[in-house]
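In what follows, a single structure is set out as structure tokens and then discussed.
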């Protein structure tokens, strides 16, 4: 039986990583190159998702992460912002601490902002608010991806890179919960390990 060669990426795209599942075409937006960052995986056959019991998709949504958070862990959340949405909250927690607080706010004194922070020992850290755009639309569906690396979380919305958040809680294997709440209805929550 003849084997077919794996398709290769054109040379001009070889160093431009894309999100998993994104078509590998020059016209598609790609992640910008980041110095000293590991290369993003290109499209490849999907890996088996980490075996976690599927929780009902009710909000508030809580899921235990038995292996903690780790390099190449990808969390994909699909849902809809409610028509009168004020905020959406996604937290990755370690006990009572919040390692990563991701909080799009649709109307904070007339502005749209995405707040990121950590709560460590009952103390909130410095908020990060700078963001190139606000991709969430009230009443509209979205796909949110959070990719964990050794150094940071990388966030994309609707297959386009949005921001990074450097780890403040360094014991990644101790970050054992995912919570989603506020003005959102959920379609799916998937956790997988990239190759």
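List of remarks:
- Segment 57-195 - percent relative contact order, Cα under 8 Å, separation 6 or more: 43
- Length added when fully stretched, residue 187-residue 173, from 0.36 nm per residue minus Cα-Cα: 2.4 nm
- Burial order of peptide ranges 105-112, 167-174 (average beta-carbon count within 10 Å, highest first): 167-174, 105-112
- Nearest-0.05 FRET efficiency for residue 86 and residue 126, computed from C-beta distance (R0 30 Å): 0.85
- Extension reserve of the residue 152-residue 111 stretch, reckoned as 0.36 nm per residue once the Cα distance is removed: 12.1 nm
Throughout, read-outs are computed from the coordinates displayed, never taken from laboratory work. Since this is a predicted model, take the numbers as computed values, not measurements. Virtual Cβ from ideal backbone geometry, glycine too; neighbours counted across all protein chains shown.
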